[in-house]
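Structure, as structure tokens:
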Amino acid sequence: MAWDTNVLVDYLQYGKVIWGDGDLDIEDPEYASQVEAVGRIMDPLFCFWDIRIHLFDEILNDAKRELSIERRSRRERALERFTRALMFADWSEEGDEWDDLETEYPQEPLFDEEALTQPVSPIRQNLSAALPDGHDRILVTEAVERGMHVFLTRDQGILRTAALADRLGLLIVSPVEFLQLFEESGLSALQFPVPDLARISKVIEALEFD
């Protein structure tokens, strides 16, 4: 699953409230429902299912640009820790070694790099043309190339291309729509009896630095 910038920023802003079962204090009910859906994706789905969340470099850079000046330093630290926690990077239990780590986010290849040299299919061309030019097009194209199954976003311009992306094996949905599809599948969010507590704890701890 790949996250769009808006989903990542929502999580960084409301993550501690989401995990703590607090009040989001969001006046817009539609927006509040989307943020709540992100919370339910993280708990229980992320906790009990093998959901891998991928944050592309372009998304990380864009998220940093959206930070307010007064909160940039702490939020960037939370962003870096959250990203590393998602990628199962080493985390020191005895000391804080994050300051000595590089700020890049290496990932193992998720696709056949040779395939990228092949001619682009008409379906991909149509999808690219339908997407808003610039940042959105880059993100969705990367999601397709990396073999993502889901692209989570609140961006209406991207959501309108869902039918085209589906033909390429990419499900473009909002957080609320993803939950609806999961519920309609009849699967239980608690299918697995024991969650990976180490993974979950690191994802939550990252938010303590926001």
| Every residue from the stretch 188-210 that is open to solvent by 60 Å² or more (accessible area, probe 1.4 Å) and at pLDDT 80 or above | E205
| field | Positions within the stretch 35-63 being of a type in the set (A, V, I, L, M), crowded, with 17+ Cβ neighbours inside 10 Å and either under 12 Å from the mean Cα position of the chain (by Cα) or on the phi > 0 side of the Ramachandran plot (or both), in sequence order | value | V38, I41, M42, I53, L55, I59, L60, A63
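Residue-wise test of (1) modelled with pLDDT under 70; (2) within 14 Å of L12 (Cα to Cα).
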{"residue": "E27", "(1), (2)": "no, no"}
{"residue": "V35", "(1), (2)": "no, yes"}
{"residue": "H54", "(1), (2)": "no, no"}
{"residue": "E70", "(1), (2)": "yes, no"}
{"residue": "E80", "(1), (2)": "no, yes"}
{"residue": "S92", "(1), (2)": "yes, no"}
{"residue": "T117", "(1), (2)": "yes, no"}
| request: Could you identify the single residue in I123, I138 that is in contact with a helix residue (DSSP H, G or I) (Cβ under 6 Å, 6 or more places away or on another chain), open to solvent by 40 Å² or more (accessible area, probe 1.4 Å) and at pLDDT 55 or above? | output: I138
| query | Taking the stretch 6-25 as the search range and keeping residues that are surrounded by fewer than 20 Cβ atoms within 10 Å (Cβ to Cβ) and small (G, A, S), which one is modelled with the lowest pLDDT? | reply | G22
| In the stretch 141-176, which residues are in a helix (DSSP H, G or I) and either at positive phi or open to solvent by less than 50 Å² (accessible area, probe 1.4 Å) (or both)? | T141, E142, A143, V144, G157, I158, L159, A162, L164, A165, P175, V176
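The values are calculated or read from the model by the stated rules, or taken from the named source; none is laboratory data. Keep in mind that what you see is a predicted model, and the values were worked out from it rather than measured. Every residue, glycine as well, gets a Cβ built from its backbone with ideal geometry; the counts of neighbours run over all protein chains shown. Surface accessibility is based on the protein's heavy atoms, side chains included, excluding ligands, DNA and RNA. Shrake-Rupley method; radii C 1.70, N 1.55, O 1.52, S 1.80 Å.
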